[in-house]
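The structure appears below as structure tokens.
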Amino acid sequence: MDWGRAKNVLIYAFLLLNLVLGYQLWSDVREQRGVSLGFGSLSESTQRAMEEKNIQVLTSVPADTPALPKISYRYTRQASSKPVRLDVPADSKLIFAPGDLAAALKSEIPEISQYSYDAFAAGGSGDGSFTLHPLFGNQWPLFNANLELFYTDQKITAYRGAPVEIQDAGGETEVLPAQKALGTLIENYLPEGAVVKEIVLGFYGQTFDSETQVAAPVWRFTIENSASPTYSVYYVQGASGDVISP
């Protein structure tokens, strides 16, 4: 057997394998760059404030800054103050499988397919309920409209919330980049030791004494407090950059 030739073949094979793996790694990095930005996208003053205040960001920083409209919304019927019991309870694990959840509950909650689960909402912290928000354009949640699903013994047994009709209110808002909104929070609002757990683009509106309400694009930041296991929520308005902390 010609060992010299065999050795050369192995060397070329490993070189080819390294080239393929290198190309795959480059492709993955390029793809991820379009989805999220790293800490290097934050300004020097923001990175300095993170170090000084010992703030951690344990989620990706979205790179997309789409132009979104203001929206109007109204409840098509009044919600009951008490939970409405389901005729047929559903398995609570379906909350993590939206398609299966919609199929299981559509007979009693027809609009359920237009909602998304919120892992960090007040009702989602192990107190016996899940919280969902209606979506605009099947993508962006309306944070101040809730559908609560109550569960017992791993079964969803009741719900509370009224259907919401959402419409485009006209015009478009250029949403400020998430890294700028995050920088504002880190430098001016977040306490020492805070941990940023989630960054989501959606809508938020103040409630007025009117049948139809208006909501504008916001970045929602979910913050874990170092002093307690609770979460705080900050909304940064997509157009002005003003900060709202309900």
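The values are calculated or read from the model by the stated rules, or taken from the named source; none is laboratory data. From a predicted model like this one, the values you see are computed outputs, not experimental measurements. Positions of Cβ are generated from backbone atoms using ideal geometry, with glycine treated the same way; all protein chains shown enter the neighbour counts. Accessible surface areas use protein heavy atoms only, side chains included; no ligands, DNA or RNA. Shrake-Rupley method; radii C 1.70, N 1.55, O 1.52, S 1.80 Å.
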* Go through region 110-169 and count every residue that is within 20 Å of T230 (Cβ to Cβ), among the small types (G, A, S) and not in a helix (DSSP H, G or I). => 6
* Asked: Of all residues in region 89-109, which are surrounded by 14 or more Cβ atoms within 10 Å (Cβ to Cβ) and not in a helix (DSSP H, G or I)?
  -> P89, A90, D91, E108, I109
* Structure fact -> Flagged pairs (Cβ under 7 angstrom, 6 or more apart or on separate chains; first in region 39-62, in contact (Cβ under 8 Å) with a residue 24 or more places away in the chain and among the β-branched types (V, I, T); second in a loop (DSSP other than H, G, I, E, B) and open to solvent by less than 50 Å² (accessible area, probe 1.4 Å)) are I55/L190; I55/A194
* To do: Could you grab me the full set of residues in region 170-218 that are open to solvent by 60 Å² or more (accessible area, probe 1.4 Å) and of a type in the set (A, V, I, L, M)?
  => V214
* Asked: Does T131 satisfy the condition of being open to solvent by less than 20 Å² (accessible area, probe 1.4 Å), of a type in the set (V, I, T), within 30 Å of L185 (Cα to Cα) and out of contact with any Pro (no Cβ under 6 Å at 6 or more places or on another chain)?
  -> yes
* Please go through region 38-88 and pick out each residue that is farther than 21 Å from Y204 by Cβ, assigned to a strand (DSSP E or B) and open to solvent by 70 Å² or more (accessible area, probe 1.4 Å). => Q56, R85, D87, V88
